[in-house]
Structures are given as C-alpha cells and as structure tokens.
Amino acid sequence: EAIPLFDRAIELNKDFAYSYCNRGLSKIKLGQIVEGFQDINRSFELDPNNSYGFRTLGIYYFDKGDLNDALQLFIKAKELDNTTHMIDELISTTKDQIDIKTSGNQGISSNETGL
C-alpha cells in the first residue's frame, strides 16, 4: 500500500531523496530486492549524506541477520544525523542481538522488535 504513495511523492518532487529511500525499503520488505536497492542508490545520488539511506540499509542487513554490518550502518546514520528516526533504538537492539548471538543464545527477528 505504501509504494503508490511514495511513487506519488516522487512524481511531485523527483529530487527528494527520502521518498526514494522509503520506497526502496518498502520494495525490499516485499522481496523486490533489486528494485529496492535501485531506489536506495538513487537516494544516495541525490543526497550522499542521507542518514535515512544508511538506516534503511542497516534495517535490510539486520533482517538478513548480518548484525555487524547493520550496526556499522546504524552508527554511520547516527554520525550523519543523531536525530534519525529510532536510530538509538536500532543501535541498542542490534548490539543486544550481537551479544545474544555471541553468547550462543537465539536472537529475535526484526518483526518482534517492530523494525
């Protein structure tokens, strides 16, 4: 449902990086990985310091279980803009998951964290 709204936002302003970023995440969540990454890459072309682009990539890697990559992307997002939506929670949750994984316990999925 969200993708048509992001499509419309892009029609209205083709230079707004965050619309591409959000549409990219929506596509990735629907399994449209290549198309999602194309949108995220476009968001970086428009704004190389797009903290939400790094956050979005971090969510993708978190969902894949690549926690160390996710953490580095979340940290980069925070360095660019420490007010990035939910960034402190994402960093904390990812660190917790790394600790759990390191200690040999089972982690939780992003669906359980609301990511």
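The values are calculated or read from the model by the stated rules, or taken from the named source; none is laboratory data. Because the structure is a prediction, the values reported are computed rather than measured. Ideal geometry is used to build each Cβ from the backbone, glycine not excepted, and the neighbour counts take in all protein chains shown. These area figures cover heavy atoms from the full protein model, side chains too; ligands, DNA and RNA do not enter into them. Shrake-Rupley method; radii C 1.70, N 1.55, O 1.52, S 1.80 Å.
When the chain is treated as a Gaussian network with alpha carbon springs shorter than 10 Å, the biggest mean-square fluctuation among Ile59, Ile75, Ile33 belongs to Ile33.
Heavy-atom accessible area with a 1.4 Å probe sorts Ser26, Ser92, largest first, into Ser92, Ser26.
Among Thr102, Thr94, Thr83, whose mean-square fluctuation peaks in a Gaussian network model of the chain (Cα, cutoff 10 Å)? Looking only at Thr102, Thr94, Thr83, the largest GNM fluctuation is found for Thr102.
Could you calculate the FRET efficiency of Ala2 with Ile33 from 1/(1 + (r/R0)^6), where r is the beta carbon distance between them and R0 is 25 Å, rounded to 0.05? Calculated transfer efficiency: 0.90. The residues neighbouring Ser26, those whose beta-carbon lies less than 11 Å from its own, together hold a net charge of -1 under the Lys/Arg +1, Asp/Glu -1 convention.
Considering only protein heavy atoms and a probe of 1.4 Å, how much of the accessible area of the chain is carbon and sulfur, as a whole percent?
With neighbouring chains kept in place, the figure for the chain is 48 percent.
Taking a straight Cα-Cα cut-off under 13 Å and skipping sequence neighbours fewer than 8 places away in the same chain, the aspartates and glutamates within cross-link reach of Lys14 are Asp39, Glu45, Asp47. Straight-line reach only, C-alpha to C-alpha below 22 angstrom: list the lysines that Lys78 could link to, leaving out same-chain residues fewer than 8 apart. Counting by Cα, and skipping residues close in sequence, Lys78 has these lysines nearby: Lys64, Lys95. Charged neighbours of Ile3, selected by a Cβ distance under 11 Å, balance to 0 (K, R count +1; D, E count -1).
Springs between Cα atoms under 10 Å define the GNM used for the chain, and in it the highest mean-square fluctuation of Phe54, Phe44, Phe16 occurs at Phe16. Calculated on C-alpha atoms, the gyration radius of region 42-87 divided by its Kirkwood radius gives an Rg/Rh of 0.97. Ligands, DNA and RNA are left out, and with a 1.4 angstrom probe the accessible area of the chain is 58 Å² per residue. Model label points for Asp99 and Asn49, set 7 angstrom from Cα along the Cα-to-Cβ axis, are 3.3 nm apart. Could you state the angle between the C-alpha long axis of helix 33-46 and the longest principal axis of the C-alpha atoms of the chain, as a value from 0 to 90 degrees rounded to the nearest 10? Rounded to the nearest ten degrees, it is 70. Remark: region 1-68 is approximated by an ellipsoid whose semi-axes, taken from the C-alpha gyration tensor as √(5λ), come to 19, 14, 8 Å, largest first. Computed from backbone phi, the HN-Hα couplings of region 4-12 come to x, 5, 5, 4, 5, 4, 5, 4, 6 Hz, rounded to whole numbers (Karplus: 6.51 cos²θ - 1.76 cosθ + 1.60, θ = phi - 60°; Gly and Pro given as x). Relative to the dominant Cα principal axis of the chain, helix 67-80 is inclined by about 50°.
So if we plug the beta-carbon distance of Asp88 and Asn13 into 1/(1 + (r/R0)^6) with R0 = 35 Å, what FRET efficiency do we get, rounded to 0.05? The formula returns an efficiency of 0.75 here. Semi-axes of the equivalent ellipsoid of the chain are 26, 15, 11 Å, computed as sqrt(5λ) over the eigenvalues of the C-alpha gyration tensor in descending order.
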